[in-house]
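Peer 1: The structure that follows is given in the form of structure tokens.
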Amino acid sequence: MLPNRRPVVLMWGALALLAGCGKQEAPPAPAPVEVTVLKIEPRDTPIVLEYVGQTHSPQEVNIVARVNGFLEKQAYTEGAIVKEGQLLFQMDQRPFIAQVNEAKAAWDKAKAAHDTAVANLNRVKPLAAQNALSKKDLDDATGSEQSSAASLAGAKANLDTAELNLSYTTIASPLNGVSAAAQQKVGAYLNPANSQLTTVSSLHPMWVNFSISENEFATYRYQVEKGLIVPPKNRDYVVEIVLVDGSVFPQTGKITFVDPSYNPQTGTFLLRVTVPNPDSALRPNQYVRVRVKGATRPGAIIVPQRAVQQGAKGHFVWVVSPAGKAELRPVAAGEWHGNSWIITQGLAAGDQVIVDGSLRLGPGAQVKATPYVPKPGSAEAAPPTPPPGASLVVFFEKGKATLDAEALRQLKIIAPLIKAGPNPADVTGYADRTGDRAANLAIANRRAAAVRDMLIAEGIAADRIRVQAPREVTGAGRERDARRVELTVGQ
């Protein structure tokens, strides 16, 4: 029987394997990752704050009939620009002319009676002074003159009223502006129930109203107090108007009114801009974008949008260490600046932030850096989009699931920004505190659906709107907070 050699063979095989391994060379180091970097250079940066606004006419005058009668003529073209004093409507004047003639005849009669009374009094006075007539005759003559004078004054007042009513039959524009549609047709009988004829709205200058949230207002004021933002001298902000086609209106405006009262319905403060509109290019109730300029952020650090990423612990960027390796750096991102972020914490002058090539990076990866140069016409030229976590709250009346005018206005503001951005939107309804629980949850769902449907109507794809399960509100708090829908930009 041959001896068992298996252990010996295995041992020599293992030794041979170890010897072979000792002769293998270490794998080559991975090639450096090619990246583009932006060297941080803090600089004073103008701040441009952008909002959605709506134009309003400073004067919207309702043209109404001031007397009763038949409408005889419409003398203007609906929707046209009209001048002050231009004829708009003509009412049938014949009844009013007759009233003027009647009042004129009554005045003539009263004047004749007064003239006679005056002449009689002038004859009685000297005779009474000579005791040729009694004191009673003088009193009668005096009373007759005074009575006829009062009748003459009343007749004159009636004549003035008749002439004024006649003038009201000619209805002219009280100002320069744009005319609205006629509310009454020729031949209609005008009375207090249907006296509204049209509206004339002034166009020069034009008002543009926009709102700023309570949080944004407080943040801006805090940063001004801390010197993080320097407002313009005398708070003289310059306001630029951007039209719906993206073009910039040639005239700039000024902020002329800031509502001192906080609106609890919308959670905002109202601001008003007055802008010259000499060519009547702006019309009332247009939606425009408002760019507020003039403030400066001293020593601002600005990083391109795509260089800033977001993880479970917040925003971060990749930087190049002095050893030429990639490092992950947490940062605090402030507001948008065009197509870039303003970084408020985490970066300093001289840091090299990686803009392109970060997808292939890991901590400690060796990099080959080249300077970052923005490409004209690239995607960076796209308008800013709301960052993840941006939110909007709309409120509903108790027991109702219909969007009111203010809710529609707010949704129209944020819808284009969500549509232009890459992030979906989460819609969450909140149930009323009191009443039947099942019914409250059902109406919360309907409110969320109303917000969703409105966003879809504004052109946002249905698969980018995520309706969440309704939430119940318990405990103390404002009653209206339990009748709200929150719209939050997701990730």
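Peer 1: Hey, any hits in the stretch 455-467 for a residue that's under 24 Å from Phe210 (Cβ atoms), at pLDDT below 75 and not hydrophobic (A, V, I, L, M, F, W, C)?
Peer 2: Keep residues of the stretch 455-467 that are under 24 Å from Phe210 (Cβ atoms), which gives 455, 457-460.
Imposing the further condition that a residue be at pLDDT below 75 reduces the set to none.
Within the stretch 455-467, not a single residue is under 24 Å from Phe210 (Cβ atoms), at pLDDT below 75 and not hydrophobic (A, V, I, L, M, F, W, C).
Peer 1: Moving on to the next point. Quickly run through the stretch 420-435 and pick out the residues that are surrounded by fewer than 19 Cβ atoms within 10 Å (Cβ to Cβ), under 21 Å from Arg447 (Cα atoms) and not β-branched (Val, Ile, Thr). Walk me through it before giving the result.
Peer 2: First, the residues of the stretch 420-435 that are surrounded by fewer than 19 Cβ atoms within 10 Å (Cβ to Cβ): 420, 422-424, 426, 433-435.
Of the ones still in play, those that are also under 21 Å from Arg447 (Cα atoms) are 424, 426, 433-435.
If the condition is that a residue be surrounded by fewer than 19 Cβ atoms within 10 Å (Cβ to Cβ), under 21 Å from Arg447 (Cα atoms) and not β-branched (Val, Ile, Thr), then Pro424, Asp426, Arg433, Gly435 are the ones that fit.
Peer 1: Condition first: outside the structural domain of Ala307 (by TED's automatic domain parsing), in a loop (DSSP other than H, G, I, E, B) and modelled with pLDDT under 85. Can you find one or more residues in the stretch 410-422 that meet it? Before you say what the answer is, go through the steps one by one.
Peer 2: Pass one, the stretch 410-422, residues outside the structural domain of Ala307 (by TED's automatic domain parsing): 410-422.
Next, from what is left, pick out any that are in a loop (DSSP other than H, G, I, E, B): 421-422.
Filter again for modelled with pLDDT under 85, leaving 421-422.
Yes, the stretch 410-422 contains a residue that is outside the structural domain of Ala307 (by TED's automatic domain parsing), in a loop (DSSP other than H, G, I, E, B) and modelled with pLDDT under 85.
Peer 1: For the stretch 303-353, which fully contained strands (runs of 3 or more DSSP E) count at least 1 residues that are surrounded by 19 or more Cβ atoms within 10 Å (Cβ to Cβ)? Please lay out each step first, then the result.
Peer 2: Working: elements: 309-311, 314-320, 326-330, 332-337, 340-345.
The qualifying strands (runs of 3 or more DSSP E) are 314-320, 326-330, 332-337, 340-345.
Peer 1: How many of the residues in the stretch 260-277 are modelled with pLDDT under 90 and surrounded by fewer than 16 Cβ atoms within 10 Å (Cβ to Cβ)?
Peer 2: Of the residues in the stretch 260-277, 6 are modelled with pLDDT under 90 and surrounded by fewer than 16 Cβ atoms within 10 Å (Cβ to Cβ).
Peer 1: Which pairs do you get when a residue that is in contact (Cβ under 8 Å) with a residue 40 or more places away in the chain and in a loop (DSSP other than H, G, I, E, B), found in the stretch 158-183, comes within reach of a residue that is of a type in the set (Asp, Glu) and surrounded by fewer than 19 Cβ atoms within 10 Å (Cβ to Cβ), reach meaning Cβ atoms under 8 angstrom, with the pair 6+ apart or on two chains?
Peer 2: Qualifying pairs under 8 Å: Thr169/Asp92; Ser173/Glu84; Pro174/Glu84; Leu175/Glu84; Asn176/Glu84; Ala180/Glu78; Ala181/Glu78; Ala182/Glu78.
Peer 1: So in the stretch 217-246, with the set limited to residues that are acidic (Asp, Glu) and over 16 Å from Lys293 (Cα atoms), which one is farthest from the chain's Cα centre (by Cα)?
Peer 2: First, the residues of the stretch 217-246 that are acidic (Asp, Glu): 225, 236, 240, 245.
From what's left, over 16 Å from Lys293 (Cα atoms): 225, 245.
Working: Glu225: 26, Asp245: 17 Å.
Per the stated criteria, the residue is Glu225.
Peer 1: Among the residues of the stretch 388-409, what is the count of those that are under 30 Å from Ala312 (Cα atoms) and at pLDDT 80 or above?
Peer 2: In the first step, residues of the stretch 388-409 are kept if they are under 30 Å from Ala312 (Cα atoms); the result is 388-394.
Narrowing further to those that are at pLDDT 80 or above: 394.
The qualifying residues number 1.
Peer 1: Here is a further query. Can you confirm whether the stretch 135-153 contains a residue that is of a type outside the set (Gly, Ala, Ser), outside any helix (DSSP H, G or I) and over 30 Å from Ser280 (Cα atoms)? Even if it seems obvious, please write down each step before you answer.
Peer 2: Applying the first criterion (of a type outside the set (Gly, Ala, Ser)) to the stretch 135-153 yields 135-140, 142, 145-146, 152.
Narrowing the set further to residues that are outside any helix (DSSP H, G or I) leaves none.
Scanning the stretch 135-153 turns up no residue that is of a type outside the set (Gly, Ala, Ser), outside any helix (DSSP H, G or I) and over 30 Å from Ser280 (Cα atoms).
Peer 1: Which members of the stretch 43-78 meet the condition of being in contact with a Lys or Arg (Cβ under 9 Å, 6 or more places away or on another chain), polar (S, T, N, Q) and not in a strand (DSSP E or B)? Lay out the reasoning, then the answer.
Peer 2: First, pick out the residues of the stretch 43-78 that are in contact with a Lys or Arg (Cβ under 9 Å, 6 or more places away or on another chain): 44-57, 71, 74.
Imposing the further condition that a residue be polar (S, T, N, Q) reduces the set to 45, 54-55, 57, 74.
Across the stretch 43-78, the qualifying residue is only Ser57.
Peer 1: Is it the case that some residue within the stretch 214-228 is buried (at least 18 other Cβ atoms within 10 Å of the Cβ) and either of a type in the set (A, V, I, L, M) or at pLDDT 90 or above (or both)?
Peer 2: The answer is no; no qualifying residue exists.
Peer 1: Just to be sure, is Glu102 part of a strand (DSSP E or B) and touching a residue at least 40 places away in the same chain (Cβ under 8 Å)?
Peer 2: Working: part of a strand (DSSP E or B): no; touching a residue at least 40 places away in the same chain (Cβ under 8 Å): yes.
No.
Peer 1: Here is a check on your reading of the model: is Lys368 under 19 Å from Lys39 (Cα atoms), at pLDDT below 90 and in a strand (DSSP E or B)? Walk me through it before giving the result.
Peer 2: Details: under 19 Å from Lys39 (Cα atoms): yes; at pLDDT below 90: yes; in a strand (DSSP E or B): yes.
Against the criterion (under 19 Å from Lys39 (Cα atoms), at pLDDT below 90 and in a strand (DSSP E or B)), Lys368 qualifies.
Peer 1: I'm told Leu228 meets every condition in (1) in contact (Cβ under 8 Å) with a residue 12 or more places away in the chain; (2) not assigned by TED's automatic domain parsing to the domain that holds Val288 except one. Can you identify the failing condition by its number?
Peer 2: Result: Leu228 fails condition (2) only.
Peer 1: Take Gly377 and decide whether it is in a loop (DSSP other than H, G, I, E, B), at pLDDT 85 or above and either within 30 Å of Val33 (Cβ to Cβ) or not assigned by TED's automatic domain parsing to the domain that holds Asp453 (or both). Step through it out loud before you land on a result.
Peer 2: Numbers: in a loop (DSSP other than H, G, I, E, B): yes; at pLDDT 85 or above: no; either within 30 Å of Val33 (Cβ to Cβ) or not assigned by TED's automatic domain parsing to the domain that holds Asp453 (or both): yes.
Judged against the criteria, Gly377 is not a match.
Peer 1: Identify the single condition in (1) over 22 Å from Thr45 (Cβ atoms); (2) outside any strand (DSSP E or B) that Thr199 does not satisfy, given that it satisfies every other one.
Peer 2: Only one criterion is unmet by Thr199, namely (2).
Residues are listed down the side, and each one gets a yes or a no for (1) modelled with pLDDT of 90 or more; (2) crowded, with 17+ Cβ neighbours inside 10 Å:
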| position | (1), (2) |
| --- | --- |
| Ala117 | yes, yes |
| Leu138 | no, no |
| Ala150 | yes, no |
| Ala155 | yes, yes |
| Leu166 | yes, yes |
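The values are calculated or read from the model by the stated rules, or taken from the named source; none is laboratory data. Worth saying up front: this structure is predicted, and the values here are computed from it rather than measured. Note: ideal-geometry Cβ built from the backbone for every residue, glycine included; neighbour counts use all protein chains shown.
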